[in-house]
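Visitor: Take this structure, written in structure tokens, and hold onto it; I'll ask about it next.
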Amino acid sequence: MLKTVNNINLKISGLKIISKIGEGGMSVVYLAEQVSLKREVAVKVMRLEIANNDLDVQRFKHEAKTIAHLDHPNIISIYSIGQTAAGEVFFTMPYLNHGDFSSYILEDEQEFIELLKSVCDGLAFAHDRGVVHRDIKPENLLFDKFGNVRIADFGIAISKDGTRMTKEHQIVGSAQYMSPEQARSLKVGVHSDIYSLGIVIYERLTGNVPFDSDDSISILVDHVSMEPPKLSGKMRHWQGLIDKCLAKAPRDRFQSMLELRIALDTVPTNSLQRTNKSIQHLLLSDRRWHLKWLVPVLMLLVIVAITLFKLSQTPEPINLVANDQNSPVATKPVNTADIVPVDVAKIISDTNDMPNNNNNKDNMPGADSLNNELSIDEIKQNLMEQQPPGAEIIGNSSDKMPPNEEINILLNRASANIDLYQLSKPDSNNATEQLLQVLELNPQNTQAQEGLHTIGRKYYHLINSALSKHEFSLAQKHVKSVIQFNQKTNNINSKFELQKAAILATAEQLDLSAISIPVEQVSELLAVVQNLSPEHELIETLNELVRLKTGPQIGDKLLDSQGIETILLTKNLAAMLNEVTIEHYAAFVKATSRAASKCRHKGGGASSFFGSKAWDKPFFPQGQNHPVVCVSQGDAQAFAKWLSQQTQSSYRLPDQKEWLLLATTDNNTFSACKSANVAGAEANKIRNKESKYSCNDKFKFTAPVASFSVNNIGLYDIQGNVSEWISCNNASCQTPIAMGSSWFSGKQSNKLDKSQKLKPSLGFSYIGFRLVRNL
């Protein structure tokens with residue numbers, strides 16, 4: 001039975017707090033027992049002293065919401081979220097006490113690779129859903145009881161709706177694992193997580209992070225300007241992957257976690273691990289300088305013995321059969337006198353000093369491969385440079401290779417490269433160059449021509465697939481490649497125009513108007529269309545969408561020069577957050593000397609006119625932050641005209657359709673005395689024939705604006721407090737209309753679509769107004 005620690009002053013229903021197991025700047029993590037299921041859980045609790053900071057509260061809730069939407073075996077899950085009686089926000093998670101990457105000791109490289117692939121899977125899942133972690137470090141890569149990796153702490157993640165829980169230029173993350181763009185407080189994407197994971201890999205391989213200092217600023221500067229130290233010889237086979245992960249520019253890194261995962265499969269495990277323990281110990285000892293040649297020489301002797309044995313068993317000449325069955329067969333007898341002894345020790349010594357250029361690049365479908373490994377011809381060339389003048393490598397001849405044999409080799413390599421999607425890159429080994437070499441040797445070769453058409457089709461499918469997945473940056477990369485391909489091949493792909501039309505048709509069907517789609521994606525699609533068809537009509541549409549997305553977005557708050565806040569409802573319309581207050585109306589009257597309208601009151605005695613009652617002296621007391629009442633519909637229109645002049649904006653009363661648009665967001669959210677100021681127990685003495693609510697909201701008449709909860713689009717008091725004037729359908733406006741309920745409304749009249757036709761030139765003690773703003 002787990003024992004509760006008595007000195008922890010935290011009470012959460014259904015949980016027994018056991019101990020504190022961690023803490024950070026904004027939260028504390030406790031070990032607890034979930035009583036109903038008798039299981040251990042981790043409870044992350046926001047510190048009470050920072051609960052008044054709205055940004056921190058949003059960031060904490062954002063983490064819980066983010067985790068809850070990422071259901072993946074390599075991402076830590078969330079059980080529940082809640083709030084303590086003291087106001088502390090918390091959420092519960094699985095309790096993982098089996099260590100993390102910071103304590104992982106690299107003993108088996110293949111096991112390490114499998115763990116990293118699991119991390120890639122989890123982050124790829126998050127990235128596909130628009131979530132960037134931004135704080136990948138060993139402490140956030142936990143192990144469960146089965147040894148699986150679970151990614152934790154999404155507290156500073158960016159979600160797909162663009163939500164940023166930090167200030168615009170605030171640097172967030174852990175300095176040692178921070179990408180250069182994070183260090184410079186620039187926009188981050190999936191490439192930032194790739195960089196951070198690269199630091200984690202580097203640290204596990206070497207035991208140290210590449211950049212470290214007592215001064216965090218120095219670390220950030222190093223991330224931006226310094227190259228990481230190279231790996232030691234023992235781990236040099238990881239250098240290519242590390243270089244690509246830690247490239248300074250995001251475009252030079254792996255472009256997705258999937259690319260990194262594929263690259264991990266190409267990392268050769270250290271040759272020392274494939275030796276038995278005694279040889280490994282010997283090679284690592286202080287005497288290894290005179291034994292390093294042992295294994296290579298033994299291997300060479302075995303290869304030579306096998307070769308001589310096969311030659312003795314097979315005296316016939318070796319045949320290289322062409323692809324074309326009608327082509328002549330090239331034969332070459334093998335002479336054992338051609339075999340020249342190779343100085344293996346010299347080769348090993350020389351190659352140990354060579355820089356490692358093994359950059360594991362992308363061979364995945366959907367991207368040109370950038371693999372920089374040496375081609376077969378380059379390996380042969382390097383070996384030949386080790387030989388004395390006039391010497392030959394096994395199987396090489398001083399005679400020029402027959403054309404048909406060379407064509408078949410090129411065709412085979414091109415076919416393999418097409419399967420690997422090495423269509424145009426790397427420069428030294430790609431299908432396009434190989435097929436063009438074939439056509440130089442034989443301009444009528446149909447296999448080479450068909451191969452180039454196949455490459456064209458491959459590019460078409462790559463671009464179309466990238467567009468369908470909204471991977472517009474990748475689509476743009478492929479478009480540039482296919483344009484270069486067409487130029488290089490003299491437009492041999494006769495179906496390109498049809499393919500281009502199909503790609504543009506796909507682009508036209510994409511709807512990028514959603515708020516969650518960032519302007520960067522629209523700009524990337526625009527670049528795709530411009531490169532394919534500079535005069536296409538879609539360009540104008542996308543340019544307009546870019547302009548809209550770079551301006552205020554729906555739901556954004558706008559502030560005018562008079563300090564009045566509005567919320568953007570559509571691309572052309574914003575509405576005031578609150579009803580116009582006495583403070584704002586008084587400024588209008590002072591500036592214009594507008595006479596007060598007569599006011600009619602409800603709620604006390606018979607309905608009657610009160611000549612001495614007006615907006616500044618209504619029937620009941622009000623403060624400067626109360627909604628102004630006792631103003632006529634004409635007064636409201638005059639205020640709108642004055643405010644427009646003062647702010648150089650276009651304010652007006654909403655029409656009925658627009659007001660109902662504001663009100664629909666309150667559907668199913670009404671809660672008496674919580675979401676609206678309506679007639680409750682506090683209004684028992686008000687003469688109102690309707691049934692009153694049993695609760696007490698403490699406001700007999702009007703309440704200060706924003707005293708009750710905000711609705712779904714950020715507006716206050718659409719329901720309750722005061723009814724609101726709307727614009728008239730005609731210029732004469734003989735029957736002005738007020739919409740909605742007020743402090744006077746009981747259960748029968750508290751309706752969102754309630755409207756009242758009233759007499760002109762009169763104000764009422766339960767009617768005020770709010771304005772909308774044309775954009």
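Values quoted throughout were computed directly from the atomic coordinates according to the rules given, and no laboratory measurement underlies them. Keep in mind that this is a model prediction, so the values were computed, not measured. Quick reminder, even Gly has a Cβ in these numbers, built from the backbone with ideal geometry, and neighbours come from all protein chains shown.
Visitor: What's the local net charge at residue 696, with K and R +1, D and E -1, over the other residues with C-beta under 12 Å away?
Guide: Surrounding charge for residue 696 is +2.
Visitor: Evaluate E = 1/(1 + (r/R0)^6) for residue 706 and residue 226, where r is the Cβ-Cβ distance and R0 equals 41 Å; express this FRET efficiency to the nearest 0.05.
Guide: 0.20
Visitor: Pull up all non-local amide H partners of residue 762: gap of 5 or more, or a different chain, and H-to-H distance under 5 Å with H placed in the peptide plane.
Guide: 633
Visitor: List the pairs from 657/754; 598/689; 598/657; 65/187; 187/248; 698/751 whose alpha-carbon separation is above 19 Å, in the order I gave them.
Guide: Check vs 19 Å cut-off fails for 598/689; 598/657; 65/187; 698/751.
Visitor: Now a separate question. So how do 483-490, 111-118 stack up, highest first, on mean other-Cβ count within 10 Å?
Guide: 111-118, 483-490
Visitor: Given the peptides 550-563, 570-583, arrange them by the average over their residues of other C-beta atoms within 10 Å, most packed first.
Guide: 570-583, 550-563
Visitor: State, to one decimal in nm, how far the label point of residue 490 lies from the label point of residue 251, with both points 7 Å from Cα in the Cβ direction.
Guide: Label-label distance for residue 490 and residue 251, simple model: 3.2 nm.
Visitor: Another question, if that's okay. When the chain is fully extended, how far beyond the present Cα-Cα distance does residue 537 get from residue 16, taking 0.36 nm per residue of separation?
Guide: Between residue 537 and residue 16, full extension yields an extra 181.1 nm.
Visitor: Assuming R0 = 30 Å, can you tell me the calculated FRET efficiency for the pair residue 511 and residue 213, based on Cβ-Cβ distance, to the nearest 0.05?
Guide: The calculated FRET efficiency here is 0.05.
Visitor: Step through the residues of the stretch 223-231 one at a time and calculate ³J(HN,Hα) from phi using the Karplus curve (6.51 cos²θ - 1.76 cosθ + 1.60, θ = phi - 60°), rounding each to whole Hz and writing x for Gly and Pro.
Guide: Listing the rounded values in order: 4, 7, 10, 10, 8, x, x, 5, 6 Hz.
Visitor: Rounded to the nearest 0.05, what FRET efficiency do residue 570 and residue 441 give with R0 = 60 Å and r taken as the Cβ-Cβ distance? Could you check?
Guide: 0.40
Visitor: If you don't mind, there's one more thing I want to ask. With θ set to phi - 60° and the Karplus curve 6.51 cos²θ - 1.76 cosθ + 1.60, what are the ³J(HN,Hα) couplings of the stretch 621-631 in order, to the nearest whole Hz, using x for Gly and Pro?
Guide: In residue order, the calculated couplings are x, 9, x, 4, 9, 7, x, 5, 10, 6, 10 Hz.
Visitor: At residue 39 and residue 561, where each label point lies 7 Å from the Cα along Cα→Cβ, what is the point-to-point distance in nanometres?
Guide: That separation, rounded to one decimal, is 6.1 nm.
Visitor: Shifting gears a bit: Please list, by residue number, every one of the GluC sites (Glu not before Pro) in the stretch 618-716 that is coil in DSSP and has at most 15 other beta-carbon atoms within 10 Å.
Guide: Those that pass, being in a loop and sparsely packed, are 690.
Visitor: Right, next: Taking the Cβ of residue 549 as the centre, find all other residues whose Cβ is under 12 Å away and add up their charges (Lys, Arg: +1; Asp, Glu: -1).
Guide: -1
Visitor: Right, here's the next one. Obtain the nm distance between the two label points defined at residue 690 and residue 114 by a simple spin-label model: each point lies 7 Å from its Cα along the Cα-to-C-beta direction.
Guide: The modelled label-to-label distance comes out at 6.9 nm.
Visitor: In addition: Please list, in order along the stretch 437-444, the HN-Hα scalar couplings obtained from phi with the Karplus expression 6.51 cos²θ - 1.76 cosθ + 1.60 (θ = phi - 60°), rounded to whole Hz, x for Gly and Pro.
Guide: Listing the rounded values in order: 5, 4, 5, 5, 6, 8, x, 9 Hz.
Visitor: Excluding residue 529 itself, calculate the net charge of residues whose Cβ lies under 12 Å from the Cβ of residue 529, where each Lys or Arg counts +1 and each Asp or Glu counts -1.
Guide: -4
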